[in-house]
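Heads up: the structure comes next, in structure tokens.
The values are calculated or read from the model by the stated rules, or taken from the named source; none is laboratory data. Everything numeric here is computed off the predicted structure, so don't read it as measured data. Cβ placement follows ideal geometry from the backbone for every residue including glycine, while neighbour counts extend to all protein chains displayed.
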Amino acid sequence: MITPENARSYAIFVKQYARNGQISVVNRSILQRQQAQLKLTPAEAEAIERRVLQLLTQAAQAGTPSLRSASASAAPLVEATATEATDAARGENISRPTHVQENDSLADPKQQSIRQYGQEFLRAIQLESPPGELLRQELKQSQARLALTDETVNAIEYRVSQNFHTQSQQYQTHLKRYEQAFSQALQQGLPLSPATQEHLSELQQSLGLRQPDVTDLQGQLLSQHLTATQADESAQTALDEIDLDQTALVDTPSTQILPAYASTVPTAPPAESASFISTQDIPPELPPTQLPAQPIAAAQSTESEPLTLRSEAGVDYVPLRDLLRQQKWLEADRETLAVMLKAANRTEAGWLDAEALTQFPCSDLHTIDRLWSYYSNGKFGFRAQWHVYPMPKRSRTSFAHTQPSRVVQNQVLEFTKKIDWWTERLEFLKYHNQLTFSLEAPQGHLPALWFWTIPWWKALQNGGIGSGRGGCSVDNQTLPAFMARLRVCGFE
């Protein structure tokens, strides 16, 4: 559901990128990105655009003088660069105050056209540098509409490109500085203290870093830090075991090495030193008919293979079946998220909230579960997760609403520990790439991405720093709502 904040943010973007009551191809690409980030459906975005363009048209007809300056204030980087491009096209040095340049450009239609082309070219190279064929065609149309010569356009593009690359290099330098600060914070231990988080937030604001860039960087550094930490712990554990083995060997009496098929223990002392194996200890060669059977690589369920892939939402489950048949567990986990988003009509949103889970189609839940259960021999699937989840089996009501929140949270935490989703030492949920995508995983370990995928703001509410549940604490809504839905759909 759209929030007032998201609607207001998108309206500001539409106002910024609208030109003469229309949205160009270049600006449409930018708005589509903003639409995806704000989780707006096409219908919601279209309604906002229609309303904003209507208000802009009315304001233009009424002679409102501040529309252009309002757009300028919303995008200072674009305006500053375009102003320099204007002076470059005129062959002047940039030495006058910015407000004088803005007043001059508003007074002179030609300077206004130069400024506008500079803005459009900057947006184009922000999308693709140098501009591709589609963007170049759009720029040619803008040049013709603004009646600018090739010489003027070349001067504008040269100056805008120079400033853009300079600012990009400065931005990467700032991002590197934040990376160093965040790495140092990780060395102090997790979870990060409130003071450290506040310091990092202030540093991000002072450096002018965009939130998506910071989120991606934090996710990469956290993953590397946790991987290195686990490797160190594994190495230390191996060294400790070696020390224990060496201790166990001290003063240990010699014993005879017996063949694996021996049924009795010999009472006579060994004729040879225990450091060697006598020929009597080597089992005779078995005839071909007595060779032990090789273990089956992938156990199959005794149930028949699911043939009917029912779906109330018209979802195609054949790709998921094929991936599970090949035991491509990671790819199947990703495909499971995709089909669940389709079944819940949440593809645009990109994640499953508690409300969507409580209304999830039962036939689709059973189809997904049967596929996972069959090809994992009952180890994976929703039914496996249902049986692991610690909850009162008697009540058919939503236990999330009938029990104290502390009890529900303890149940969720116990569940994540049982199926190895929880990091004991660090006390938060693992990152998705730290899960076990093989049959060696615990019962109910997969599928998991349907639960892991949440937006960055939801992760922030649960103590995480990036998108996804990695590094988060448990919440009292998602898993209880899902288990309640499984109960309603007859998974008992």
Q.
If I ask for residues that are outside any loop (DSSP other than H, G, I, E, B), over 23 Å from the mean Cα position of the chain (by Cα) and acidic (Asp, Glu), which ones from the range 307-364 would you list?
A. Asp322, Asp364
Q | Counted residues, the range 415-435 - those being crowded, with 16+ Cβ neighbours inside 10 Å and either among the β-branched types (Val, Ile, Thr) or not in a loop (DSSP other than H, G, I, E, B) (or both) | A | 9
Q. Any idea which of Gln180, Gln184, Gln204 is under 27 Å from Phe428 (Cβ atoms) and touching a residue at least 12 places away in the same chain (Cβ under 8 Å)?
A. Gln204
Q | Single match in Glu151, Glu157 (criterion: under 23 Å from Arg28 (Cα atoms), at pLDDT 85 or above and in the same structural domain as Ala18 (by TED's automatic domain parsing)) | A | Glu157
Q. From the residues in the range 189-211 that are part of a helix (DSSP H, G or I) and within 22 Å of the chain's Cα centre (by Cα), which one is farthest from Gly463 (Cα to Cα)?
A. Gln204
Q. Pick from the range 473-492 the residues that are under 20 Å from the mean Cα position of the chain (by Cα) and buried (at least 21 other Cβ atoms within 10 Å of the Cβ): which of them is nearest to Ser373 (Cα to Cα)?
A. Leu479
Q | Verdict on Leu186 being in contact with a His (Cβ under 6 Å, 6 or more places away or on another chain) and either part of a helix (DSSP H, G or I) or closer than 15 Å to Phe121 by Cα (or both) | A | yes
Q. Mind checking whether some residue in the range 463-475 is in a loop (DSSP other than H, G, I, E, B), under 13 Å from Trp421 (Cβ atoms) and in contact with a Lys or Arg (Cβ under 8 Å, 6 or more places away or on another chain)?
A. yes
Q. What is the number of the single condition among (1) at pLDDT 90 or above; (2) under 18 Å from Thr478 (Cβ atoms) that Thr347 does not meet?
A. (2)
